[in-house]
Amino acid sequence: MSLVIDDVVVRHDPVGTPVPVLFDSPHSGTRYPADFNFICPFPLLRQAEDTYVDDLFNMVPDYGATYLCALFPRSYIDANRAPDDIDPAMLEGEWPWPVNPSGKSLAGMGLVRFLCRPGLPMYDGRLPVSVVMDRLENYWRPYHELLADSLDALHRQFGAVYHVNCHSMPSFTIGPDRQTTDFVLGDRDGTSCDPAFTSFIAAHLRGMGYKVRVNDPYKGVELVRRYANPAQGRHSLQLEIDRRLYMNEETLEIHHGFEPLRRDLTRLLVAIRDYALDRTARAAAE
Ligand SMILES: [Zn+2]
């Protein structure tokens, strides 16, 4: 069964017995709203998407886990930024609430983007305050409310919940020998989930032959920060996948790596399900 809020978010509910695991994909939406009014080239704008992450994990409900996907593009408003991550200098009019712009906002890439990429403006002029408020209210907020409610329901039922926040990243190399990285796990330096959960996932991925980094260069942002409370059994982890593993980053087309990667992600999902069930059963027995 699915719950859909039109053009905003879809939640695919578990098939069969539910488990205390929720995956979400906040950046794979491709329904560009008619009132977006961007002026940058569409193919460049699309490179902001985590294209196909929703498809890579579409088996999640078949294993008892819950799966949320944003339907709107992250370049319209970014569900993975705090609602006060705004640079008021970029707005037309008076922003009515306190702001707390991060470095991303000051670089034009905050809650609402003003640059398609460095030096290339998204809009013809500043954005009216009312436009940003509308996007917050009608896109950002429903996504967060559905995520929060879904995590709460699983936490109530099981006493704990394991949230995997799924993304893809542009391919990069690191160090003098130009090492690639397949996955970056982010738990905000051990604060958004039990570090044992992070280590478990890193070990599982490495066991399948992948190169994994932790909290470097991505630590996790608003979606793993906002609902995490490991002491209360609320575990949130960010998972970044190198796009070169499954798609052409220029043409945005899937390539031959997609299905093998999806099979490995299914094995990871099964391992996470078993881990979560084992941990919640042990906690209940104590
Ligand atoms: Zn992302």
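The values are calculated or read from the model by the stated rules, or taken from the named source; none is laboratory data. Because the structure is a prediction, the values reported are computed rather than measured. Cβ coordinates were reconstructed from backbone atoms using ideal geometry, including for glycine residues, and neighbour counts include every protein chain displayed. What goes into the accessible areas is simple: the full protein's heavy atoms, side chains included, and nothing from ligands, DNA or RNA. Shrake-Rupley method; radii C 1.70, N 1.55, O 1.52, S 1.80 Å.
Data for the structure
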{"item": "Accessible surface, region 214-259, averaged per residue in Å² (probe 1.4 Å)", "result": "47 Å²"}
{"item": "12 Å beta-carbon shell around VAL131, net charge (K/R +1, D/E -1)", "result": "-2"}
{"item": "LEU115 long-range amide H proximity, modeled H, under 5 Å", "result": "MET122"}
{"item": "Rounded percent of accessible protein surface that carbon and sulfur make up, the chain, 1.4 Å probe", "result": "52 percent"}
{"item": "C-alpha center-to-center spacing [region 47-90, region 209-228] in angstrom", "result": "15 Å"}
{"item": "Peptides 125-138, 250-263 ordered by average Cβ neighbours within 10 Å, highest first", "result": "125-138, 250-263"}
{"item": "Cα gyration tensor shape for region 111-186, rounded if a/c is under 1.5, else prolate or oblate", "result": "oblate"}
{"item": "Dipole moment magnitude, nearest 20 debye, region 2-285 about Cα centre, only Lys, Arg, Asp, Glu C-beta charged", "result": "720 debye"}
{"item": "Orphan Cys of the chain, criterion: no other Cys C-beta under 4.7 Å", "result": "CYS69, CYS166, CYS193"}
{"item": "In nm, spacing of pseudo-spin labels at GLU286 and ARG126 (7 Å Cα→C-beta vector)", "result": "5.3 nm"}
{"item": "Rounded if a/c under 1.5, otherwise prolate or oblate - region 39-190, Cα gyration tensor axes", "result": "oblate"}
{"item": "Separation of the ASP134 and VAL4 label points, Cα + 7 Å toward Cβ, nm", "result": "2.3 nm"}
{"item": "Label zone at LYS211, where the point sits 7 Å out along the Cα-to-Cβ direction: region 152-176 residues whose backbone N lies under 14 Å", "result": "171-176"}
{"item": "Gain in span if fully extended, ALA34 to ARG141, counting 0.36 nm per residue against the direct Cα distance", "result": "36.6 nm"}
{"item": "Spin-label model distance (nm) - HIS256 vs ASP177, 7 Å beyond Cα toward Cβ", "result": "2.7 nm"}
{"item": "Accessible area (Å², per residue) of region 26-70, counting only protein heavy atoms and a probe of 1.4 Å", "result": "36 Å²"}
